[in-house]
Each structure stands twice: as C-alpha cells, then as structure tokens.
Amino acid sequence: MKLIADFHTHTVASGHAYSTIEEYAAEAQKRGLKYVAITDHGPDMPGAPHLFHFVNLVMVPEKIGPVRILRGAEVNIINAEGEIDLPKQALERLDVVIVAMHTPCSYNKGDKRSNTRAYLKALDNPYINIIAHPGNQQFPIDHTRIIAKAREKGVMIEINNSSPVSRRGSYDACVEIAREVKRIGWKVAIGSDAHISKMVGGHMQALKICRAAGLKKDDIVNTSADLIEKYILGPRKKFKKEYAYEF
C-alpha cells in the first residue's frame, strides 16, 4: 500500500531528535512522500521548544521542493482535565495538532479511568486532529469510548509505527484499536514518530497492524490527497491563522 504522507515527525527542536526540517524534506522527497507533518513536542516535554517556536512556524514554507510541509505540534495532556500545553493562539496557526500522554510530562501514569476521562476532555478542543499512539500501555484507556468521541469530533486515530518497538506490549492494543476504528467506520492516520530523518515514511510496522485489523486503503488517510484534505487539512480552514508575530 502506497502512503503519501507522514503525520508524525520530530526535529532537533524537540530536544531529543536529530534532524532539521530541511533534512526531513529531502529524505521525504527521496521516499516519494508528498506531505510531511513537523510535530515537535509541546513545551511541557523536557527539552521541547518554547511557545514562540510554534507561533512562528508560519515562517516555514508550505513546500520544500515537491514536499508539502505541514506545520504541527505533538501537544501533551498536562492534567486530568485534559488540558494541553499550547494555547489557542498557537494552535490556530497549525495544520496538524497531535495529542498524547508522555511519562516525562506533568500528567503521567494515571489509571484507566482517569486517562480515559482526560482524553475525552481533550477531544473537546477543536484544534486537535490526531490522537497519537493510543495503544501505549503506560497509559491504559477505554479505547472504545475514545474512538467513538474521536469520530464525533472528526479526530483521527494514529497507528504509530514506532509503538511496537518503543512501547512494550502495545502491538496487540494497537490491533484492537485499529479493529474498533474499522468496526465503527472511522479513519486512522499513520505516523512514523521519526526522531531522525532516515525514519520518515517508515511505516512497515504500522501497515502490519493495519493489515492485521483488516484496514483497507480508504480507511487510512495517508493514502490520498483527497483524504488528507477532507479529514486533516479541510476542517482546519475555518479557524487557521496565517500571521507570524502578532500574539
């Protein structure tokens, strides 16, 4: 299955990744990708960039060579109320906003009930359009409730290529999540979670999960420009801002 987009990458700005935006664009072009989302960690992650990094992403060109650069962030849930670590004034400048839980951040390792509640509340934020690595077993969730609300809110469910390797025990959970997405007729977005440019477009593990869950081409938004426009970029046009410094 040919994928034309990678919705989850980290640059040197994240503090624990090792490539620049231009290095990602060059590697993406080699691999035949048409879109790459630059989704550095929000400020609550140790070593992550300052708020103004995200405010000023408007300075990054929309295309580098033939590759469309999607300006984004992987925001962190910072408390049990589902609050995240970027404000509206930054989020409205972005193309892709991924939400996730991470152990180094302010909210970490809640129980299944509290994690589920936090995600459900986060999904009320209209700027979020992808839930990252929901199969992470460090943060157990009621995935059926979260997927149902994600569909209601138009938020994609990520199948994270790095999870089977870097998040122990997540493969089976990711398959279950993908099956539930398929069952209710929703969509997934695949992300490499690249932390160096050579990982961009690396989707082999994620596609293995998709196959195990019975997902087809039309279930995966990375497979066509039409799906990307309909489910990722199009819904954001109602509030996207293009100014750089006014804040």
The simple spin-label model distance between HIS16 and GLN137, using points 7 Å out along Cα→Cβ, in nm, is 2.0
Taking amide H positions as placed 1.01 Å from N in the peptide plane, with prolines and chain starts having none, which residues 5 or more places from ILE159, or on another chain, fall under 5 Å of its amide H?
-> ALA189, ILE190, GLY191
Simple SL model, points at 7 angstrom along Cα→Cβ for THR103 and GLN89; separation in nm is 3.5
Matching label, volume of the Cα convex hull per residue in Å³ computed from the structure shown, candidates (i) 105; (ii) 120; (iii) 138 | (i)
Most packed first (mean Cβ within 10 Å per residue), the peptides 109-117, 193-201 order as 193-201, 109-117
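At a Förster distance of 35 Å, what's the computed FRET efficiency of MET204 paired with LYS237, Cβ-Cβ distance as r, to 0.05?
Details: r = 33 Å, r/R0 = 0.94.
For R0 = 35 Å, the calculated efficiency reads 0.60.
Need the full-extension length gain, LYS121 to GLU81, defined as separation in residues times 0.36 nm minus the C-alpha distance. One decimal, nm. Mind showing how you got there, number by number?
Details: separation 40, 0.36 × 40 = 14.40 nm, distance 0.63 nm.
Full-extension gain reported as 13.8 nm.
I need the calculated FRET efficiency for the pair ARG183 and ALA225, taking r as the beta carbon distance and R₀ as 25 Å, to the nearest 0.05.
Working: r = 27 Å, r/R0 = 1.06.
It comes out at approximately 0.40.
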Tell me, what ³J(HN,Hα) does each residue in the range 139-151 have, in order and in whole Hz, if you take phi through Karplus 6.51 cos²θ - 1.76 cosθ + 1.60 with θ = phi - 60° and put x for Gly and Pro?
-> 10, x, 9, 8, 5, 5, 5, 5, 5, 4, 6, 4, 4
Taking the Cα-to-Cβ direction at SER114 and at ARG145 and moving 7 Å from each Cα, how far apart do the two end points lie in nm?
-> 1.5
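Ranked from highest to lowest mean number of other Cβ atoms within 10 Å per residue, what is the order of the peptides 172-183, 122-133? Please report the intermediate quantities before stating the final value.
On the way: 172-183: 19.8, 122-133: 21.5.
Ranked from most to least packed, the peptides come out as 122-133, 172-183.
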Subtracting the Cα-Cα distance of GLU176 and GLU23 from 0.36 nm times their residue separation yields 51.6 nm
Determine Rg/Rh for the range 65-145; Rg is computed over alpha-carbon atoms and Rh is the Kirkwood hydrodynamic estimate from the same atoms.
-> 1.00
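Please give the FRET efficiency for LYS217 paired with MET59, using the beta carbon to beta carbon distance and R0 = 41 Å, rounded to the nearest 0.05.
Values: r = 35 Å, r/R0 = 0.85.
Computed FRET efficiency for LYS217 and MET59: 0.70.
Each value in this text was obtained by applying a stated rule to the coordinates, not by laboratory testing. If you're wondering where the values come from, they're calculated on a predicted model, not measured in any experiment. When we count neighbours, we look across all protein chains shown, and the Cβ atoms used for this are built from the backbone with ideal geometry, even at glycine.
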